[in-house]
Structure formats: structure tokens, C-alpha cells
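See below for the structure under consideration.
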């Protein structure tokens, strides 16, 4: 998992590199190049650059794109070409871009470690560059997917591929590499070395600045298999292996030239991004503009096209403590329930609406008399998560976790899920609350991340506020997703005006009325004072009076096995 203690390198486009120190570099290499070598982790990553055809008479040399990756960990080599991943000498996995899905995790034994491979849904903001085909999928409500390769010692690679007409291989890879800072010793490769392309023979002294060949002329041996090198030579027919260094990066954009789109038009269309300190946003806009305008079958650039370069943030729903709710629409309320409730239910509806998940909670009333009398708390959480082949049921209560009725693996900080459902157990860190549980929540003693169906869910267990204080163990839930995934959802998390949940519609209307009254009364109140209404202050969190419990027939099987403590 990427943390503040990691170094991160991003590679995208034709190709641009965002180095671990935040600086940007370009490398227009054709053929095989060393992207990153980590001797302390026994890991090495190479990329294969595919060219584009020079437009006749333009007088401008074309650029290149990342068409394939090779990852060597221990004695195993994993290759990624487009959406296809293969373990050299072993299994091969391929997914259609238009009908993609989650997969894994699977484990591959290497000489020095264990490699975990999975295919997972991803948010568009995790891309270094959102390509036109990706933007079309997002606009249509579809999900994007990527390959993820990890090892127990902290190596992490993400690779997302998108079909691009301007690339001779047909694909462009968007890559992220992460590794612990304390494993960065003796690291080398384009992610580390200074190799800014200057053309000719002036390309720096590091071996990674030069192409990799079978003779290891510049000190680095190839890790791509002979079969894949032969395939790339066929699928990238215009690639000519560099004899010295990569050619200079083209500010004009080779794709624009190839597709016959005036570069001045692209620059003008993207001028709103030209002043940003990170030039990759401007570069991405120019390239995408040319791909759209150069495709006769594509809808031309309009206002929506610009919006697609700025994807919306995820919306979140939060349930903490006894319990206090913050819905997707930022309504805050408490609800003292007793029984099983639908926190969130989202069903998929065809290819254009693939998001899907169900989250149920078991609320228990605090016994009276005693501390907390009259309140309630979440005792257990159930999640029905879609996998690549079938649905899976995850149940959490106190420090226990089950998946499809079997106890979860107890290993921390690795994916212990199945069939593409990501499940990561972790120990919350004191003083660090991510995601933030708010004023009513604490970090917790145990935590689990679940990623499935376009949703990310964080479940934690907390003890009473004070160690000596009497009171129950409480479960907390935070779920996040792109807004497109929540538009037709129902449950306690959903309170928008168009919700199908009539009870929450009524509550939302009441909440808005109280908020309006509060703003009106504030004008007449003393400075620093604000009355919500005659019964409370603006800091009061209103209580939802009632909400229907789930029928036993639709309650998740594992959740029905629990009963509230006496």
C-alpha cells in the first residue's frame, strides 16, 4: 500500500516520468529500457517503447509510448502487454478492455519472495493521464481496471492500459511504481537516474539512459522474453531500436502531427492548464484533444470534454460511535436503532451502471440502567461484495472477520480477499486517522479495507472512549465511491432529493428546514451564537426517529448469526 514512507514513480503518455522527488522528465525511447532496479528488493522493471509513424513531409520525428512492461522479481518474470499479463513459463491472463472485471489475488512463488497479482477496479484520479477512451468509459458510468503486483517487502506496481490510435502497439500503459524509502539504496533506472533526453549522444552517463540489448552493451541485460520481444517487433512495426540515446521529447506532440490536427488548436484548447506547475496536465489535454479531433467517429470537443479532465472527488458516508451518521449528501444525524439495517444498497444496471455493493449493520441498544442507556451502537457489519465470478459475504464484529463463512486470513497489510474482492486487514495507528472518523470516532483497535464493485469500505472496531469506562465495543464504517455509483443507491447512507428511500426523503426535507431556520435565526442572534430552533443549538445533531429494520429473509446470512449482548 502506498504510504508517506514510500517513494513513487509515475510513467505515462509518450512517455513522461514523474520522479520520486516530484520532478518531471521525458524519455522517448524505442525498444527496451530499464525503468527501475531495486537490488534490496530483488526487483527490476523494464518498459518497451513503441513508436508512432512520422507524418510524411512533417519533418518532425515521432514520439513513443509505453507498450509493454517486464517485471523481474527473484527468479520470476512477469510481462504485461496491453491488458494481458503472463508469468514467463507459466500462466497467462487476458481481459477485454470493453468487458473488463476484477480478478485474484493469486500468488506466485519466486526464489526470494512471494508475488501477489490481482486485477482491480480503480478510480480515474489514480491515473497519471486520463486518455480519451478512458474518459468515454467514465462518462458512460463504467469502471476502469488495472494490474497490481506486490511483494511482502513493499514493492508495488500498478499498470493500466488503454487503446490509443496514435500508438503503433495499439496500447498505452499508465504505470505507478512504489517502494519503501529504506529500500531505495543502490536503486537505479529511469525513475532514479538523470536521463533527460537531449538527443544525439548527449544523454547522461547512467546505463539506464541507453537502450537494453541482448549483448548488454550498456551494462543492463534484457528481462523481456525472446517471444515477447519478437511480438513487440511485429506489433510496433515502426519501432527502430536506438543505437545511442532516446530522441528529444517533442513539445508539439507527435500524435497531433500523425492525426493531422494543428498543434496550435490543441494548445489553444488546453490553455486553461498551461499555467499549472505540473505540465503533465497540459500535456495530457493536448494529446487527448488531438486524439478526439483526429478520430472521425468520435464526438468532437465540447464543454463536457473539459470537465472530464477534472473528475469529481469521491463521495463518502460515515457511521461512527453510538452511531452518528454523515450521509453521502453530508447530512449529519444520529439514529438509535435496534436490529439489522440497510446502510447502503446499490445494484448494478447493465454495462453503463456497473457499481454494486450492499452493506448491512446490526445495531444493538445499550441496556438500561447504566452508562449509555437510551443509545445504541453498531455491533456487526456485513458486506455483500461482487467478485469477478460471484458475490461474496464479508462479516465483521469486534476483532473477527469472515468471508463466505470461513475465518479471514490474519495477515496484515496484504490482500487476503478472493475472486477480485480486495480485503486488507490493518492495525490503525494512534494519532493517524485515515479516513477521518470525525469528532465522534477514534482510530480503532482493528481495521479492514474492502474494495469491490466501485466502492471502498473502511471498517474499524473501537473500544470505549476511556479505557476504564464501561460501554460496548463499537464498529465504525466509512464507504467512498465516485458520485456515479451512488445515484440510484438506497439505505441510511443515501439522502439526496432523488433517493428512492421515502423515509430519508422526509428526514432530508426536515433537516433542510431546520438548517434554513438556523441561518435565519443567526441574523437575529448575538455574534457567535446561532439557534437551531427553540429546542436546541446549531451544534445539536438531530436524531432520525425511526427506520425500518431488515426482514430476516434479506438479512445477510452471517449477520443473522449474531445477537445483541445482554
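The values are calculated or read from the model by the stated rules, or taken from the named source; none is laboratory data. Computed from a predicted model, the values in this text were never measured in an experiment. Here the Cβ is made from the backbone with ideal geometry for all residues, glycine too, and neighbour counts use every protein chain on show.
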With respect to residue 227, determine if the residue is part of a loop (DSSP other than H, G, I, E, B), out of contact with any helix residue (DSSP H, G or I) (no Cβ under 8 Å at 6 or more places or on another chain) and at pLDDT 70 or above. no
Among the residues of region 381-412, which ones are more than 24 Å from the chain's Cα centre (by Cα), at pLDDT below 95 and surrounded by 12 or more Cβ atoms within 10 Å (Cβ to Cβ)? 397, 398, 400
Among the numbered criteria (1) crowded, with 24+ Cβ neighbours inside 10 Å; (2) closer than 17 Å to residue 480 by Cβ; (3) touching a helix residue (DSSP H, G or I) at 6+ places or on another chain (Cβ under 6 Å), which single criterion is violated by residue 331? (1)
Give the residues of region 38-53 that are crowded, with 24+ Cβ neighbours inside 10 Å, within 24 Å of residue 225 (Cβ to Cβ) and either modelled with pLDDT under 80 or touching a helix residue (DSSP H, G or I) at 6+ places or on another chain (Cβ under 8 Å) (or both), sorted by residue number. 38, 48, 50, 51
Out of the residues in region 16-36 that are surrounded by 22 or more Cβ atoms within 10 Å (Cβ to Cβ) and under 21 Å from residue 149 (Cα atoms), which is modelled with the lowest pLDDT? 17
